Structures are given as structure tokens and as C-alpha cells.
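Down below is the structure, laid out as C-alpha cells.
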Amino acid sequence: MEIKKKIDQLREELRQHNYNYYVLDQPTISDFDFDMKLKELQDLEAQYPEFYDANSPSQRVGGEVTKNFQTVAHESRMYSLDNSYSKEDLEDWEKRIMKLVDGQIEYTCELKYDGASMNMTYENGRLVRAVTRGDGFQGDDVTANVKTIKSVPLQLRGDYPDKFEIRGEIILPIEGFRKMNEERVELGEEPYRNPRNTASGSLKLQDSAEVAKRPLECLLYSLKGDQLGVDNQFDSLEKARQWGFKVPKEAKLAKSTDEVLDYINYWAEHRFELPYEIDGVVIKVNNFYQQEELGYTAKAPRWAMAYKFKAEQVSTRLNSISYQVGRTGAITPVANLEPVELAGTTVKRASLHNADQIAKLDVRVGDEVFVEKGGEIIPKIIAVDFDKRPENSELTLYITHCPECGTELVRKEGEAQHYCPNYNGCKPQIIGRIQHFISRKAMDIEGLGGETVALLVNAGLIENYSDLYELTVEQVIPLERMAQKSAENLVKGIEASKQIPFERVLYALGIRYVGETVAKKLAKHYKSVDNLSNASQDDLVNVDEIGVKIAESVIEFFDSEENNHIIERLKGFGVQLEMSSESLANQTNLLEGQIFVVSGVFEQVSRTELKKLIEDNGGKVSSSISSKTNYVVAGDKMGPSKREKAEKLGVTILNENEFLQKVR
Ligand code: AMP
Ligand code: ZN
């Protein structure tokens with residue numbers, strides 16, 4: 001009983017902190033303390049599976065895999081909204097509805113969040129189902145994925161009805177979207193186009209642990225149910241807030257169309273200050289009774305109206321197209337525009353994505369083009385004003401050779417991007433790769449920044465990252481903005497990076513598709529760069545979570561004589577190209593392919609140490625017993641139901657000593 005209490009208390013605490021952080025935006029503990037508490041809860045839950053709760057805060061990390069999403073009918077239909085675009089449209093609407101209802105009409109004005117709509121059912125304060133809008137009558141059950149969204153309450157607070165539905169929009173805030181794209185670009189992958197599509201795509205991922213990693217949010221706007229205890233929209237929003245939902249405070253009550261227009265005008269101007277994208281405003285008749293009187297047309301409520309902002313759009317001349325080369329050799333076409341004001345900033349450049357996009361738009365130098373600004377950092381060209389096309393304009397032919405080094409470009413089947421294959425001789429690739437090498441998550445070289453790298457390359461002092469280790473203070477002093485002291489720091493920083501462990505060095509090498517996590521996996525499996533470079537493709541894809549794309553890229557990297565030469569040089573300088581003997585001493589393959597569940601309290605080692613022992617010896621730790629489990633390591637006070645389950649499934653139970661003998 002004591003344990004149950006402890007678990008309940010931890011859940012309650014974590015729930016509160018989640019709410020403070022993700023709904024109120026006012027955290028009261030550090031991330032570290034939060035993680036510690038979560039870890040404590042996870043450990044207890046693993047140890048006492050009889051207290052499993054599908055809505056525990058621990059479930060937010062995901063892990064459930066959905067192969068096929070079930071189709072579920074909505075209890076009440078999810079309608080669309082009618083659109084308006086002008087003051088006149090709105091006044092027409094008001095006239096229409098005035099004829100249909102008695103009395104004064106008040107309006108709730110809300111922002112129109114641009115994401116994917118979601119219908120969630122709560123029973124007895126617990127989230128039981130989350131379903132996409134689908135065709136309005138039925139949608140896909142994406143509950144496992146929605147549970148990982150931190151601002152969605154799994155357990156409500158306060159005085160909520162036994163059963164109700166709540167509707168909202170799943171969105172990806174602009175900042176989170178930007179970060180996701182930064183990471184993708186760093187891995188040599190194509191960035192996502194816009195936050196809305198990325199948000200709705202995320203909901204359909206099969207692995208909920210992947211969804212958990214994305215900074216999605218859920219903003220709520222509508223309650224459906226018999227006993228809501230309110231009779232109007234504005235108050236219902238406040239109720240939802242009290243029950244723990246994230247309901248933006250920008251909603252406002254308006255007593256007249258003039259006040260509605262004020263709201264619209266205000267947000268048309270200030271929308272870019274919001275942390276997320278909106279594409280308009282939604283105006284709703286506030287009184288529920290009046291709403292009922294007004295009812296629905298075939299596709300939308302008569303009592304609501306969306307006011308769509310004109311997309312912030314301008315037209316300007318396309319002066320030229322230039323082509324940038326990234327660190328992985330990927331070519332990005334960039335439109336150079338006649339400078340123009342757009343959403344408060346001067347725009348000079350727009351992204352054109354790739355060759356297909358240029359062909360699709362049929363955009364040509366000299367064209368007048370429409371430019372739009374969304375969540376992306378760079379605005380995009382959405383169309384050409386064909387009426388204004390100059391008579392002598394020429395079809396845009398995509399470049400065939402690298403603008404930096406002249407090498408013929410390649411485009412792999414199924415990929416959108418062209419690449420410059422001149423890996424070791426193309427300047428932006430050389431500079432980009434060294435910049436990646438020294439970056440914080442890689443070799444973390446203090447005293448050396450990206451601009452200095454470019455200076456060093458341009459001055460002919462370095463050609464690849466291994467050359468860094470031969471730089472002398474005298475050589476770098478003449479560089480721009482260098483002095484004795486900063487030159488010394490730079491050389492010292494490079495020297496210090498020789499201590500960076502193998503897994504990070506492997507990431508630093510900048511092998512395409514080998515990001516931080518993949519580098520860790522490969523380092524752990526192969527233990528040295530020599531083993532890795534000798535691995536065959538078959539061998540590589542047999543490593544957990546390594547796919548064909550990564551395997552091919554690794555093989556290609558080590559096929560290059562130049563790369564091997566650079567690696568030999570790094571070795572010679574003392575960079576860590578294998579696991580240190582210290583971490584290696586504890587690593588074996590003794591438990592390769594075996595799945596363990598750890599339960600109970602141990603005498604000679606802590607639970608954390610025990611789990612580390614399993615992993616260091618090639619085994620896997622799982623939190624719950626299933627038919628796949630090979631062993632349960634049982635300590636003191638192992639949960640009785642866990643033992644029962646293990647026995648029923650015929651899983652071998654080891655005590656502490658029996659386990660330790662396996663690995664010592
Ligand atoms: P549309 O897709 O243009 O027909 O617009 C209807 C959609 O707007 C709904 O399905 C909702 O997902 C979305 N929406 C965004 N914000 C709101 C809001 N405050 N109230 C109602 N619907 C909204
Ligand atoms: Zn090139």
C-alpha cells in the first residue's frame with residue numbers, strides 16, 4: 001500500500017509540473033529535477049507493474065507502435081467553417097443570422113490556429129480517445145500519439161463532467177519547427193516545408209516515441225457534452241482552462257460587429273508576434289441557445305464564421321537565381337529578389353527548394369513573382385504573375401555543374417535534391433564539414449568558430465579537419481581578428497579535443513545520415529573506426545536501427561582513399577578513434593540479442609548499475625515482461641504479479657548472483 005501511495009504521489013506531482021510548464025508556461029522546478037522524479041516513477045512502475053496506469057505521466061515518452069490506425073466514428077459530426085474575407089462578408093453574415101434569432105447577439109472571437117484538428121473524449125476525467133477529423137463523420141484513432149503531447153491533459157483537474165468531447169488543433173510552434181529543421185539540415189536531410197503539414201504528419205507516425213520527440217502542442221476551442229455547466233462559448237473556454245486544457249487567452253467577447261472588426265484588424269497586424277501560425281480568426285455566436293436555433297448548413301455551422309487573413313503576400317521581380325552548396329553537397333536554389341517589404345521585414349531572397357519546384361512554378365529570371373511568408377525563416381515564391389512575363393524571358397535550366405567547383409551534379413533516384421559529388425574538393429563542402437567537426441555536439445572545440453574555419457580554409461592553412469591538429473599559434477595570428485591570446489586559445493582548444501570520446505568523433509566525421517544517435521549505436525557496436533570501416537553492408541544493416549540508407553552512406557565514406565588518409569592522420573595526432581580501454585573493459589557481447597527485465601531491489605549493485613551492465617554486455621533492458629523477454633533479473637521485493645507473469649510465460653528468473661556470474 002505504501003508503494004501505491006508513493007506512485008500516486010509522484011504521478012500527481014509530475015502532472016502538476018507538466019501543467020505548470022506546458023499549459024501555464026510557468027515551470028516551478030528545473031528540468032533536471034523533473035527528469036529525476038520521472039525516472040523514479042518509471043522505476044517504480046517497472047518494479048510494480050500491477051499499478052500500471054495507461055494515463056500515468058510516464059506514458060508521455062511513448063513507445064506504443066500503431067501499424068494501422070483504427071477508423072472511429074465521431075459522436076457528433078466535426079463540421080467545417082464558412083469563410084469570409086472582408087468587412088462586407090461579415091456584415092452579410094450578421095444580417096442573415098439576425099433574421100434567424102431573437103435578441104442581441106454577442107460573439108466570441110478566437111484565433112484560427114493552423115494545424116490539424118483533433119477530437120478528444122474524456123471519461124471520468126481521463127483521456128480515453130483522440131481521433132483525427134477525417135471526413136468529419138469518422139477519423140483515425142491516434143490516441144497513443146496524442147498522449148505524448150505534453151499540453152494534452154491525461155488526467156483532468158477540478159470539477160469536470162463525467163463525459164464530454166473537446167476539440168482543438170494540434171500545432172507545431174514556429175520555434176520548435178525551426179529547431180526540427182535545423183537538425184534535419186544538419187543530417188543532410190531535406191527540411192520540412194511548413195509547421196501545419198509537419199504537425200498533421202506527426203500524428204500519423206507509427207512509433208509514438210517518435211511523436212514524443214516533436215514539440216507539438218494542442219490548443220483547444222470547443223466543448224461538446226450534455227452537462228458542461230455553461231451556456232455560452234466564452235465561459236466554456238474558461239471551464240476548459242480550469243480542467244487543465246491549454247486554451248489561448250487571446251479569445252475575446254465582442255458585443256458588436258465593430259468590436260469583431262477591431263479584433264480582426266488587431267490580429268491581422270500582430271499575428272507574426274505569436275509563437276505559432278494562425279491563418280485567420282473564428283467568430284462564434286456566443287450563446288449556446290442561439291447557436292442551437294441557428295443550426296447547421298450541409299457543411300458548416302450557421303453560428304460561426306472564419307475570417308481568413310489574406311496570406312501576407314507581395315509581388316516583386318526575380319532578379320536572379322543562385323545556387324548554394326551545403327556541407328553534404330546538397331544544392332539549394334535561392335531566388336534573389338528586388339527588395340520588398342513583407343510582414344514587417346525587407347525580403348531579398350526566397351527559397352526555391354529544388355529543380356522540381358522551379359519546373360512546377362515555371363519561374364524565370366525577370367518574372368514578377370508572388371512571395372509569401374509563413375513559418376519558414378525564408379519566405380517562399382508561390383506563383384508567377386504570367387501576365388507580366390517579359391516577352392524575351394527564357395526557360396530556367398537547372399544547373400548541371402557545381403557553381404563552386406564545376407563538378408557535374410548528380411541526383412539519386414527518388415531524391416529531390418541535386419548533389420555535388422566532389423566531396424573532397426568543393427570549398428563549401430570542405431568548410432561546412434570542418435564547421436560541423438568543431439561544433440558543440442561534435443568535437444566542441446573552444447576558441448574556434450565557424451567564421452574562423454572559413455578564414456583558415458581560404459588562407460590555405462587547412463584542407464580538412466585533420467589539418468587542424470597541425471596548426472600553430474604563429475600560423476593563425478595573421479588571420480583577421482586574431483591576437484596572441486586568441487590564437488593560443490584556439491590551439492589549446494584543438495589539443496583538448498583529442499580527449500573527446502570515440503562516439504562523438506564518429507559523429508564529428510560528418511558521414512551523411514550518421515547523426516548523434518546513429519554514431520552512438522555504431523560506436524558501441526563496432527568499438528573502433530577500423531572495425532567500422534571493415535564492416536560490410538549486410539553486417540551494418542544487422543545492427544539495431546541501422547537501415548540501408550545509413551549502411552550505404554557508411555560504406556561510401558570508407559571507400560574513399562582520401563577519407564582513410566584523413567582518418568589515419570587523426571589517429572596519428574591522438575584523436576580517439578576507438579573506445580577507450582576504460583569503457584571497453586566493461587563491454588562485451590555476452591548478452592547479445594537477449595532481452596532483460598529488471599525487478600526488485602539488489603544488494604551488490606544498484607538498479608541503474610545493473611541495467612548498465614546488461615547494456616554494456618550487449619543485452620537490452622525492457623520495462624515489461626512479454627513473450628519476447630529472455631530473462632527477468634529478480635531482486636528483493638519483486639512484485640508478485642511480475643513473478644506470476646514471468647512464470648506463466650516461462651521466462652527464466654535469475655537472482656542477483658546468477659546474473660552477475662553471467663557477466664563477470
Ligand atoms: P477549414 O479547415 O478552413 O474549413 O476550417 C475549419 C477548421 O478550422 C476546423 O476544423 C478547425 O480544425 C480549425 N480551427 C482552428 N482554430 C479554430 C477555432 N478557434 N475554432 C474553431 N475551429 C478552429
Ligand atoms: Zn562542388
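For the reader, a short list of remarks on this structure follows.
- Any hit, region 179-195, residues being β-branched (V, I, T), more than 16 Å from ligand 1 (Cβ to nearest atom) and modelled with pLDDT of 90 or more: no
- Matching residues in region 94-138 - criterion: being over 16 Å from A306 (Cα atoms), of a type in the set (F, W, Y) and part of a strand (DSSP E or B): Y122
- Under the condition of being under 30 Å from D141 (Cα atoms) and either within 16 Å of ligand 2 (Cβ to nearest atom) or not β-branched (V, I, T) (or both), the residues counted in region 67-91 number 15.
- Out of K441, K388, K427, one residue alone is away from ligand 2 (no atom under 11 Å from the Cβ) and closer than 27 Å to L506 by Cα. It is K441.
- Any chance R512 is surrounded by fewer than 18 Cβ atoms within 10 Å (Cβ to Cβ) and among the basic types (K, R): no
- Of the residues contained in region 66-73, one or more are found to be more than 16 Å from ligand 1 (Cβ to nearest atom), in a loop (DSSP other than H, G, I, E, B) and surrounded by 14 or more Cβ atoms within 10 Å (Cβ to Cβ).
- Within region 398-414, the set of residues being more than 14 Å from N354 (Cβ to Cβ), assigned to a loop (DSSP other than H, G, I, E, B) and more than 8 Å from ligand 2 (Cβ to nearest atom) comprises T400, E413.
- Taking the criterion of being crowded, with 23+ Cβ neighbours inside 10 Å, without any contact (Cβ under 8 Å) to a residue 60 or more places away in the chain and more than 15 Å from K246 (Cα to Cα), the residues of region 123-171 that qualify are A130, V131.
- Single match in L90, L111, L100 (criterion: in contact with a Leu (Cβ under 6 Å, 6 or more places away or on another chain), touching a residue at least 24 places away in the same chain (Cβ under 8 Å) and more than 30 Å from S641 (Cα to Cα)): L100
- Residues that are at pLDDT below 90 and either part of a helix (DSSP H, G or I) or open to solvent by 30 Å² or more (accessible area, probe 1.4 Å) (or both) within region 479-498 comprise E480, R481, M482, A483, listed in sequence order.
- Residue, modelled with the lowest pLDDT, within region 618-651, restricted to residues that are more than 34 Å from the chain's Cα centre (by Cα) and of a type in the set (A, V, I, L, M, F, W, C): M638
- Single unsatisfied condition, V548 versus (1) open to solvent by 20 Å² or more (accessible area, probe 1.4 Å); (2) closer than 26 Å to E446 by Cβ: (2)
- Any pair with Cβ under 6 angstrom, 6 or more apart, that starts in region 651-664 at a residue that is more than 12 Å from L590 (Cα to Cα) and ends at one that is aromatic (F, W, Y): T652/Y631; L654/Y631; E656/F602
- Answer residue from region 202-225, given it is of a type outside the set (D, E) and in a strand (DSSP E or B) and is nearest to N145 (Cα to Cα) among those: C218
- Residue in region 449-478 that is nearest to the chain's Cα centre (by Cα), counting only those that are outside any helix (DSSP H, G or I) and under 30 Å from L532 (Cβ atoms): G449
- When each of Q206, Q227 is tested for being within 15 Å of F164 (Cα to Cα) and at pLDDT below 95, the lone residue that passes is Q227.
- Complete set of residues in region 264-280 that are surrounded by fewer than 14 Cβ atoms within 10 Å (Cβ to Cβ) and within 17 Å of D89 (Cβ to Cβ): N265
- Counting only residues that are open to solvent by 10 Å² or more (accessible area, probe 1.4 Å) and among the hydrophobic types (A, V, I, L, M, F, W, C), region 359-383 holds 8 of them.
- In the set L253, L261, L223, only one residue is of a type outside the set (D, E, K, R) and open to solvent by 40 Å² or more (accessible area, probe 1.4 Å); that residue is L253.
The values are calculated or read from the model by the stated rules, or taken from the named source; none is laboratory data. Predicted model, so just to flag it, every value in this text is computed and none were measured. Neighbour counts are summed over all protein chains in view; Cβ atoms, including those assigned to glycine, are modelled from backbone coordinates with ideal geometry. What goes into the accessible areas is simple: the full protein's heavy atoms, side chains included, and nothing from ligands, DNA or RNA. Shrake-Rupley method; radii C 1.70, N 1.55, O 1.52, S 1.80 Å.
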